[in-house]
2 protein chains.
Amino acid sequence: MRYERLDNGMTLVTDEMDNIDSAAVGVWVRAGARSETAAEHGMAHFLEHMAFKGTARRSATEISNAIEAVGGEINAATSHETTAYHARVLSEDVPLAVDILADILTAPALSPDDIERERNVILQEIGASEDVPEDRAFDAFPEVAFSGQPLGRRILGTRDSVCAVDEPGLRGFLGRHYSAEAMTVAAAGAVSHDALRDMVLGAFESAGHETPSEMPIATYVGGALDGDDDGSEVQWILGLEGEASAAPDFWPVTLAAMVLGGGMSSRLFQALREDRGLVYDTSAFHWAFRDTGLFAIHFATQPETVGEAAEVVVDTLADAARTITDTELDRAKAQLRAGMLMARESCVSRMSGAARNAQVHGRAVSKEERIAALAAVTPRDVERVMRQMMASAPTLVRVGSSFGGPDAAEIAERWAGHPMRGAA
Amino acid sequence: MRYERLDNGMTLVTDEMDNIDSAAVGVWVRAGARSETAAEHGMAHFLEHMAFKGTARRSATEISNAIEAVGGEINAATSHETTAYHARVLSEDVPLAVDILADILTAPALSPDDIERERNVILQEIGASEDVPEDRAFDAFPEVAFSGQPLGRRILGTRDSVCAVDEPGLRGFLGRHYSAEAMTVAAAGAVSHDALRDMVLGAFESAGHETPSEMPIATYVGGALDGDDDGSEVQWILGLEGEASAAPDFWPVTLAAMVLGGGMSSRLFQALREDRGLVYDTSAFHWAFRDTGLFAIHFATQPETVGEAAEVVVDTLADAARTITDTELDRAKAQLRAGMLMARESCVSRMSGAARNAQVHGRAVSKEERIAALAAVTPRDVERVMRQMMASAPTLVRVGSSFGGPDAAEIAERWAGHPMRGAA
């Protein structure tokens, strides 16, 4: 993997792979929903949509025709901290992909007619997410965990905020956030670092150079929200304060998520599904941000069994925080390690990994270094971070027709009164 | 790619890849929801779940611990015609994966206690799919298209049919359908065909040899269903009679789906989203089965705009059936061709592709042969199959609070009266 700060202020990171014929190339812009002011809510995602609606040189149809005529794909995604635009093409079409990416990022047309049409598209996207109970729960979850802060706001915006987006607003957001200094070009597969450098310097010549503003600091808060819903299942998400992307405890917390909810051998899958048949699926996540993190456990079950399942989660965490074994931690490490190695066979995964390393660590991070960091974690590390997280104020979001089981305050009390405290 | 009928009646198909360290290996059993009698509804999927609940040699926990201790993954999926069990592992763990797959497929414990627990899990899975309007629409869709036939029944079963599943039923289904002759082992990546042959012959020694019964013939029927729903969006799915997996017109119909709904340059994406902002997404599918096929177009939009969007779909198809251009067909071919080439970089895709070739064509089909078949299709072929499909009775499934636009009979009349008839 090669990492380079280019003369024009951009970062270029590449992961050349032999023996494959295709490539993935993308631009990661360090701007997302967290970069928005309250009045700009939904703007980062709206701008991502507008990038594909035409530029000074190409209509929307010409953009999609050009990339799809060579069998390529182009897409984009907006997260809280990043907006990523990426293409997958056969190797001979990398120059075309770079040219299109540069065009849509530096010279989007942002025509008022297109803004109106795209507003409707985004309102449909909001409607679609409102229709899925699990999406409703996961949208509300960060709003509770990071209450009143940009990191808590939903990325799509609200119907009202999307209706308020206009051309001057989009141009302002573009100018302030899409500067060369905020952009990382990441590529993997059948690519050459040196050739890409030339392409990027040429294609992004007109990129702006405003100093990117810092994202506002986020503070985990916690809290509770119950949403009425008449669905068959109750959605239940418990959150705790996690770790930042570059924090020393990033790996112990990530391993805690694996031990609790990663795969069929995990404690929660065994306890909730295999031993009791209470859920179809359960999972544990660790979302790491620049300055904070969010740890979460999710399941869905029928209204009659949500209380029992919630008790099982609370007890399983209390127990795990004192009893992580070498065997289960080795298994969790093997899962993450094999996942890393298998992901290396996909140029899309390697592009994303290179971009993440560039943005989080500001350098290339080798596979060996990541595996060594993983290997160094001990069962006591995982227990320690679990107890630390369980001392944070829980976030509890439930969406359904019945909310049996402990509420957020009871969960905190239960853990505070638990003998695990003595062991800490 | 190598294809071999083994002495024990099984089929082995492998796709060896250099320069990767992992492998995908799976068993495709020629039995699925279509193989069930009415009284067995949901049995194929239930048996797939039970495979992981323990065997004569291993408990459920031992199965998941064994594969996850080496960082592997094991999973399964039930479709109408096939139940597939597959593992992804590092190359040195292929023998373990084959041993576990053989164990769970030939000697599942099927204990009554586990059946009760797994029944609850499947009821949760049904509940989860009931809670998503898009899933409700797509579950109802084949029930209308293949009304009253096994191919139309939903794979999960109903609450009632799942409650009726018992141990003798599962053992009967296993004995009748999981014979060596019905099983294809497919593997890709860091594997050796010759080594796999030995592993498979050893591990599957106790597989049964009942002659697999033929699946009942399916006939496309068409029809209409409107489902009430108070969601933000209306789900709209239009179906037409497609082609069987090995039919001469398989590729023209698949290309029709690409031209209409594949990617951003497709006619429906351009008409519904880019030109009018009516939808967030739209897609066209071609599901091919052994003896028939189902072609489908889907979108979701707000109740106020469903009528307009439906008119756009009907007009777009009427227009496309007379006006497919060389340029757009070349683009559709390039998309499918590049998709095939990029999929070849993933051992999971190559395993699945090899299994599909073995089951559909009974032999290895080279990449060159598939690309040549694709290249031979002309714009007139695509227009011809479109007109043919549009002469079948439409299937129209709508789920929402308002059902504006033409109904199934009006769509058929509109197309029948259209000048495209004269051009046929």
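Taken together, the values in this text are just the output of simple stated rules run on the coordinates, not laboratory data. Treat the numbers as computed from the prediction; the structure is a model and nothing was measured. All Cβ positions, even for glycine, are placed from backbone atoms using ideal geometry, and neighbour counts span all protein chains on display.
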(message) Quick check: the distance between the Cα centres of region A:29-94 and region A:301-337, to the nearest angstrom?
(response) 39 Å
(message) For B:Gly148, place a label point 7 Å from Cα along the Cα-to-Cβ direction in every copy; what are the distances to the other copies, in nm, shortest first?
(response) 6.4
(request) Give the long-range amide H neighbours of B:Ser392: residues separated by 5 or more places, or on another chain, with amide H under 5 Å away, using H modelled in the peptide plane at 1.01 Å from N. (result) B:Glu241
(message) As I understand it, the value is the acute angle between the Cα axis of helix A:60-69 and the longest principal axis of the Cα atoms of chain A; what does it come to in degrees, rounded to 10?
(response) 80 degrees
(request) Taking a label point 7 Å out from Cα toward Cβ, give me the nm distances from A:Ser79 to the same spot in the other copies, shortest first, one decimal. (result) 3.1
(message) Amide H of A:Gly54 versus every other amide H placed in the peptide plane: which residues, excluding those fewer than 5 positions away on the same chain, fall under 5 Å?
(response) A:Ala60, A:Ala109
(message) Show me, for region A:252-261, the HN-Hα J-couplings you get by feeding each phi into the Karplus relation (A = 6.51, B = -1.76, C = 1.60, θ = phi - 60°), rounded to Hz, glycine and proline as x.
(response) x, 5, 5, 5, 4, 4, 5, 4, 7, x
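Taking the beta-carbon count within 10 Å as an exposure proxy, list A:Leu174, B:Leu196 from fewest neighbours to most. Don't skip to the end; give the middle numbers.
Working: A:Leu174 22, B:Leu196 25.
Fewest-to-most Cβ neighbours within 10 Å comes out as A:Leu174, B:Leu196.
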(message) Using the Karplus curve 6.51 cos²θ - 1.76 cosθ + 1.60 with θ = phi - 60°, what ³J(HN,Hα) values do you get for each residue of region B:24-35, in whole Hz, with x for Gly and Pro?
(response) 10, 9, x, 10, 9, 9, 6, 7, x, 4, 5, 7
(request) For region A:393-401, take each phi angle, set θ = phi - 60°, evaluate the Karplus expression 6.51 cos²θ - 1.76 cosθ + 1.60, and give the result in whole Hz per residue in order, putting x for glycine and proline. (result) 5, x, 9, 10, 10, 10, 10, x, 9
(message) Under 5 Å between amide hydrogens, which residues at least 5 positions from B:Ser79 or on another chain qualify, with H placed 1.01 Å from N in the peptide plane?
(response) B:Ala33, B:Ala84
(message) Nearest 10 degrees is fine. How inclined is helix A:306-323 to the longest principal axis of chain A, computing both from alpha carbons?
(response) 90 degrees
(request) Would you mind listing the distances between the A:Asp194 label point and the same position in each other copy? Use 7 Å along Cα-to-C-beta, nm, one decimal, shortest first. (result) 4.2
(message) Modelling each spin label as a point 7 Å along the Cα-to-Cβ direction, I'd like the A:Ser401/A:His361 distance in nm, to one decimal.
(response) 5.0 nm
(request) Hand me the GluC sites (Glu not before Pro) from region A:39-146 located in a DSSP loop with no more than 11 other Cβ atoms within 10 Å, in residue order please. (result) none
